Amino acid sequence: MRVLFVCLGNICRSPTAEGVLRHQLQATGLDRRVEVASAGTGDWHVGKPPDRRAQQAGAARGYDLSALRGQQVCVDDFHEYDLILAMDESNLSNLKRLQPAGAKAEVDLFLRRYQAAVDEVPDPYYGGDDGFSEVLDLIEHGCRGLVRELQGRS
Ligand code: 4NP
């Protein structure tokens, strides 16, 4: 089972989701069966580490994002991943536009799928540090729902 998180730049929200899910998969022993990655719909930050504020907010909760590097979503991803989860509606519509016919990946809006209080993880890039903490709250909630789904599939 392979999961890909997608946001716009792949330096704030989706690498945070990758780090949180990795942590939860290890805690539940699902890491042997589930692979996780993240990507952006844009290419500006390919090869770059996550935003310093995302790394700091993650580290404060025990998530080490420092080894992650930006990558851009590509058409092959729809054949290689089983589940592609968008952080917001704009990411979702960009993914749907790229999605090739017949590819196996299920494409969905991350928080809506796991019934969070809101449907979208807001983009924290142009905001203050509080935004990164809110992003983590939402992503931790979503990942708990995702882990329950993955446990149910086993
Ligand atoms: P992300 O945040 O999509 O959560 O990684 C952003 C990062 C960079 C930009 C926009 C959003 N940017 O415009 O460079």
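Miscellaneous remarks
- For region 112-121, the Karplus equation 6.51 cos²θ - 1.76 cosθ + 1.60, evaluated at θ = phi - 60°, returns couplings of 5, 4, 10, 6, 7, 5, 10, 8, 10, 8 Hz by residue, with Gly and Pro reported as x.
- Under 17 Å from the L98 label point (7 Å along Cα→beta-carbon), backbone N, region 43-82: 43-48, 69-82
- Cα lying deepest toward the dipole's positive end in region 22-89, options S38, G58, A86, charges on Cβ: G58
- Highest mean first, the peptides 117-128, 44-55 sorted by other C-beta atoms within 10 Å per residue fall in the order 44-55, 117-128.
- Mean Kyte hydropathy of -1.0 or more with a Cα span along the axis of at least 24 Å, helices from DSSP in the chain: 129-153
- Residues of region 23-68: accessible area per residue with a 1.4 Å probe, Å²: 56 Å²
- Estimated FRET transfer efficiency when R0 is 35 angstrom, pair E35-D130 (beta carbons, to 0.05): 0.65
- Within the accessible area of region 2-153 (1.4 Å probe), percent carbon and sulfur: 45 percent
- Taking amide H positions as modeled 1.01 Å from N, with prolines and chain starts lacking one, the residues under 5 Å from L109 and 5 or more places away or on another chain are A86.
- Take the Cα of E89, go 7 Å toward its beta carbon, and the backbone nitrogen atoms of region 121-140 under 18 Å from that spot belong to 121-124.
- Long-range amide H partners of Q72 with built H, under 5 Å: G40
- Placing +1 on each Lys and Arg Cβ and -1 on each Asp and Glu Cβ, with no other charges, gives the chain a dipole about its Cα centre of roughly 400 debye.
- A Cα-only calculation for region 1-69 places Rg and Dmax at 11.7, 35 Å.
- Estimated from helices alone, the mean residue ellipticity of the chain at 222 nm is -13500 deg cm²/dmol (sum of -39500 (n - 2.57) over DSSP H runs with n ≥ 4, per residue).
- Comparing the chain with the 2.2 N^0.38 Å rule of thumb, its C-alpha radius of gyration ratio is 0.94 (two decimals).
The values are calculated or read from the model by the stated rules, or taken from the named source; none is laboratory data. Keep in mind that what you see is a predicted model, and the values were worked out from it rather than measured. Note that each Cβ is placed from the backbone with ideal geometry, even for glycine, and that neighbours are counted across all protein chains shown. What goes into the accessible areas is simple: the full protein's heavy atoms, side chains included, and nothing from ligands, DNA or RNA. Shrake-Rupley method; radii C 1.70, N 1.55, O 1.52, S 1.80 Å.
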